[in-house]
Every structure is written in structure tokens, then in C-alpha cells.
1. Need a quick list: helices (runs of 4 or more DSSP H) entirely within the range 228-331 having at least 2 residues that are charged (D, E, K, R).
2. Find all pairs meeting these conditions: Cβ atoms under 6 angstrom apart; at least six residues apart or on different chains; first residue within the range 140-157 and farther than 13 Å from M276 by Cβ; second residue among the β-branched types (V, I, T).
3. Answer yes or no as to whether K300 is within 22 Å of the chain's Cα centre (by Cα) and either more than 28 Å from Y130 (Cα to Cα) or not acidic (D, E) (or both).
4. Considering only the range 78-191, give the helices (runs of 4 or more DSSP H) lying wholly within it that have at least 1 residues that are touching a Pro at 6+ places or on another chain (Cβ under 7 Å) and crowded, with 17+ Cβ neighbours inside 10 Å.
5. Which members of the range 295-315 meet the condition of being closer than 16 Å to I284 by Cα and hydroxyl-bearing (S, T, Y)?
6. Would you be able to tell me the number of residues in the range 244-273 that are surrounded by fewer than 17 Cβ atoms within 10 Å (Cβ to Cβ), under 21 Å from S18 (Cα atoms) and among the hydroxyl-bearing types (S, T, Y)?
7. Does any residue of the range 50-57 turn out to be surrounded by fewer than 21 Cβ atoms within 10 Å (Cβ to Cβ) and closer than 27 Å to E180 by Cβ?
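Since every read-out is calculated from the coordinates, none of them should be taken as a lab result. Not measured: the values here are computed from a predicted model. Cβ atoms come from the backbone with ideal geometry, glycine included; neighbour counts cover every protein chain shown.
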Amino acid sequence: MVERIHISALQLGYLIFSFLSGFSTLYLLQLKIIDADAWMSILFGTCGGIVLAAMLIYIQTQYPGRQIFDYSEQIVGKWLAKLFTLWLVYYTAQLCILSSKALTAFYSTAIMPRTPSYVFSVSIFIVSTYAVYLGIEAIARAVQVVLPVTVISLLILNLLIFKIVDTNPFLPAFQSKFNEIVYATLFSFAFPFSKIIVFAALFGYVKHQKKLIRSSILALLLSGVYLFAATYLTLGSVGAYLSSIKTYPYFTSLSMIRIGDDIERFEISAIGFWTMFVIFEVIIAQYVVVKGLRYLFALKQSKWLNVPIALLLFAISEKSFSQSSTDIVDFEYTILPFAAVIPTIVIPIVLFLVTLVKKGLHAKSTKTGN
């Protein structure tokens, strides 16, 4: 089903960066796994994300103007496509719940511990539901306005942290075991870079399809640079020990910024940026969930689904994790890397290989016919 919705390649890049960078720097679990060798997992995870994006965009070029829910049916058939869509919807809903709960837990534990967590969660889903109702074009315009200011501000904060770093925190390198590096790489790929799979539901909306590869890869690379910089500065400013025991190590490094004797508390501005990033992440994920369900049930309209889906996601998020960040960290550390294998590795590879085979057979039959 082709919808008359259009966003620019630049707006797509902004959306990808916001979605991947959401709360990727909130916990920095790579530091807790392999300490100073965390840069390797980020590098390999970024490369994996680029390969995944390249496969998805190649498939997209064969079916311009369509989303993964639509062209999957043409590639693997109706029922297998329905199964793939169901899995992708489940995975995206999981990301939506995880993002909203992570932000809620952050506010409940680090900012306003006396405020009930559901207050933050309700606020997030009210905003996201209204944004999803407005549509992806309005969401893209909002990100286009907010993101440049956010990036410039974060760049200034990171430069201020850099003044605290005396030595290269990534030395000595190659101190971790091979299996630890492999697991950290799998984790970095699963979170955040493999989340690019969600945008297979949005690629078809881009007005100039030829610019897909450039905007997507650039956004992925910038997300990797942002995660790399946050890891470097956190490890260099607070050290390996505090990075491993602090729930929010990057937030701790931001709290160390001071200009002179009087100007401090720069972490407050970072809270605002994180909030915007995560809310945009929830919005995009909720939008894709609604679109996926529309395809699954062959609905002509999906706007009436916005409120019921938001209520369901809110209820699940409130019951899925405790009010602290411990359960979220445990889930990301032990379950998420493996839960992401089928939707972000198996399904894209199957679609990519079948597309290649079908294209080869079509080219062969055309040549034979001539």
C-alpha cells in the first residue's frame, strides 16, 4: 500500500540519529563489560549497523515507495510476511517500552525520586500519541527544528568535559578476553545500531530515494561518533571504577563540568537533551507499531489505533520493570542482544537473499526471452 507521505532525506537522517542516540549514552554498558576496550565494540557495532542499513536500502531500491511490511509479502509470500511483520512489531514495541521506562526510571531515581513514576510515563505517552496522530511529516519537521540546537549544545558540553581528561583512557588496549569483546560487540550492535531496522518502515516515505544510502549511513556514523565520544569522555573523566559502578556514568561526567568557581550544574541541560532524544525515540517506535498493526489487520485507517496502542504500551511498561534502573540494565545486558537477533539479523538477511535470488532469476529469464 503506497501512502502519499513524503519526508526529505535530511529529515530521515535527523530521525535516524535521534532514534539511535536516544538513551544509548545513558548507561554505557560497554564500559561495564570491557572497560577501556569499549571503543572496539562501538566500532564493530557501527560497522554491523552500516551493513544492515545497506541491505535494507538495497531491498528498498527494488520496491521504491513501499515499506518493509508491504514488500515482504512480495518477497516471501503473504503468511511468512505476516510472521515477519508480527515479529518486527513486537520488537519495535519492546524498544518503545524500554525507552519510555528508561527515561521514567532516570527521572524517578536521579531527578525527582518522590514523584510517582507513572506521572512521567503518562506524560511521555500523551506526547507520543499526539505526535503519532499528527503523522511522520510533522514528527520529521519537529526533529529538524530541535536536533541542530541539541547537537550544538552537546558538542559544547563534551568539549568542556574534554578539558578534564588528562590521558588517553583507552590505553592500554586489548586487555579484554576475546569472548568479552564479541559479547560487547553483539551488545553494541543490538543497542543501538541494529535499531535501524525500524526505519525500513519509513524508507518508502523519502521523496528522493537515491539519497537514502547517504543520509542513513551518515546518521549511523554520527551516532557511532557520539557514542564513542561519550564513552571516551566518561572513562577519561570519572575513571574505569566509577564508570563500572555508576548507573549513569555519562551523567556523572557531565556533573563534573565547572567554569570557574561559580558556574556549574551543566548536567541539567543534558537532562533536557536526553528527554527530547528519548521522547522522539518513543514517538518513532510507536508510529511504526501502529503502521505494522495496520498492515497485519489490513486496516484502511490507523489513527483510531493510536490511543489504544498507547494505553497498552503504557500498561506493559508499568508492569514490565521495577521503578529502578536495575531491571532495565539487566534486560539490556542479558536479554536484548539475543532478542534482537531474529528481527535485526535473520529477517533482513532472508529478505536480502531472496531479493537477490529473485532479481537474478528475473534477469536470467529476461535474457533468455531476448
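1. Values: elements: 249-254, 267-296, 306-320.
The helices (runs of 4 or more DSSP H) meeting that bar are 267-296, 306-320.
2. Within 6 Å, the pairs are A140/I7.
3. Details: within 22 Å of the chain's Cα centre (by Cα): no; either more than 28 Å from Y130 (Cα to Cα) or not acidic (D, E) (or both): yes.
Criteria not met by K300.
4. Details: elements: 78-106, 117-134, 136-162, 178-190.
Fully inside the range 78-191 and qualifying: 78-106, 178-190.
5. Answer for the range 295-315, where residues must be closer than 16 Å to I284 by Cα and hydroxyl-bearing (S, T, Y): just S302.
6. Of the residues in the range 244-273, 1 are surrounded by fewer than 17 Cβ atoms within 10 Å (Cβ to Cβ), under 21 Å from S18 (Cα atoms) and among the hydroxyl-bearing types (S, T, Y).
7. Looking through the range 50-57, at least one residue is surrounded by fewer than 21 Cβ atoms within 10 Å (Cβ to Cβ) and closer than 27 Å to E180 by Cβ.
To keep it simple, each residue is scored yes or no on (1) more than 21 Å from E332 (Cα to Cα); (2) touching a residue at least 24 places away in the same chain (Cβ under 8 Å); (3) surrounded by 23 or more Cβ atoms within 10 Å (Cβ to Cβ).
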position: I213; (1), (2), (3): yes, yes, no
position: S216; (1), (2), (3): yes, yes, yes
position: L221; (1), (2), (3): yes, yes, no
position: L242; (1), (2), (3): no, no, no
position: T275; (1), (2), (3): no, yes, no
